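Have a look at the structure below, then the notes.
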Amino acid sequence: MKIKEVAVTLERFAPLPLQESYDNAGLQIGLTEAEDVSGVLLCLDVTEEVILEAERLGCNLIVAHHPLLFRPLRHITGETQVERCVTMAIQKGIAIYAAHTNLDNALGGVNFMIAEKIGLQSVRFLQPLPNGQGGSGIIGTLPQAMQQADFVRMLKQAFHVESLMHNDFQRNGGLIEKVALCGGAGDFLLREAIHQGADAFLTGEMGYHFYFGHEADIFIGVMGHYQSEQYTIQLLHRILHEAHPELRLVETSVMTNPIRVN
């Protein structure tokens, strides 16, 4: 199987036109038609350790959620981690592909995977695109309403976090049933979630000032960027395995989250 076939499968599920204008999803390093795939390493982030893991496991293709090449490089001298990763991947003959905001915005994509993990029902896009083929964030309902404390406990268990940043939700006795969410940095959707009557809005990152003044509007829960998107690796595995059951897929064992909370 050629690398191009893997790329075609991913882009059939999450077409590149769905990516945001600032993004750089797609093939980052490698020749799609010239290389046979010996194995695919799935990850959120490409680091030197991940590239070495791919080499050790005999995988010549890395499929990541976050692009290694996000901003243009003016030189490759090994000064930054990105430059070192580019050099290492080329030297070791490892191709790199990123499915980023196109996978966020796809039907059944990253946000739908998050919704699946917390059992949301009747899930739809929070901010659909005009063509109806994708959108930003999702909104759905829990099987049954939950008190704020129980909701927080459930989120901590589902996403394996020891702490959750949140506001003090005071509407309707703190009862939560309708939930909107956006993995990663999703604070731009907070107002839309309120407008659509969500009881809670979940995301991975949120600026400090967004928390103010919404106690009577909505529960705000922020679990961390990495934590919110961790199940994207499982999603990538599912997409590729269903299309190519013979393809060797390996989920990274490297913890790439650079943030530590003690």
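The values are calculated or read from the model by the stated rules, or taken from the named source; none is laboratory data. In this text, all values refer to a predicted model and were calculated from it rather than measured experimentally. Cβ placement follows ideal geometry from the backbone for every residue including glycine, while neighbour counts extend to all protein chains displayed. Remember, those area values only see protein heavy atoms, side chains included, never the ligands or the DNA or RNA. Shrake-Rupley method; radii C 1.70, N 1.55, O 1.52, S 1.80 Å.
If the Cβ limit is 6 Å and pairs must be 6+ apart or interchain, which residue in region 76-101 that is over 27 Å from GLU20 (Cα atoms) and in contact (Cβ under 8 Å) with a residue 24 or more places away in the chain pairs with which residue that is open to solvent by less than 40 Å² (accessible area, probe 1.4 Å) and not in a loop (DSSP other than H, G, I, E, B)?
MET88/ILE51
Could you list all residues from region 36-62 that are touching a Cys at 6+ places or on another chain (Cβ under 6 Å) and small (Gly, Ala, Ser)?
Across region 36-62, the qualifying residue is only GLY39.
State whether the residues of region 103-110 include one that is assigned to a strand (DSSP E or B) and free of Cβ contacts under 8 Å to residues at least 12 places away in the same chain.
Checked against the condition, which is being assigned to a strand (DSSP E or B) and free of Cβ contacts under 8 Å to residues at least 12 places away in the same chain, region 103-110 yields no hits at all.
In region 70-82, is there at least one residue being of a type in the set (Asp, Glu), closer than 15 Å to ILE94 by Cα and not in a helix (DSSP H, G or I)?
no
Only one of these is at pLDDT 95 or above, within 22 Å of HIS241 (Cα to Cα) and touching a Gly at 6+ places or on another chain (Cβ under 6 Å): GLY26, GLY39. Name it.
None of the others qualify; the one that does is GLY39.
Inspect all residues belonging to region 147-164 and state whether any of them is in contact with a Ser or Thr (Cβ under 8 Å, 6 or more places away or on another chain), surrounded by 19 or more Cβ atoms within 10 Å (Cβ to Cβ) and under 16 Å from GLU229 (Cα atoms).
Scanning region 147-164, I find at least one residue that is in contact with a Ser or Thr (Cβ under 8 Å, 6 or more places away or on another chain), surrounded by 19 or more Cβ atoms within 10 Å (Cβ to Cβ) and under 16 Å from GLU229 (Cα atoms), so the answer is yes.
Considering only region 145-262, give the helices (runs of 4 or more DSSP H) lying wholly within it that have at least 2 residues that are basic (Lys, Arg).
148-158
When the residues of region 203-220 are filtered to those that are in contact with a Ser or Thr (Cβ under 9 Å, 6 or more places away or on another chain) and surrounded by 20 or more Cβ atoms within 10 Å (Cβ to Cβ), which remaining residue is nearest to ARG171 (Cα to Cα)?
ILE220
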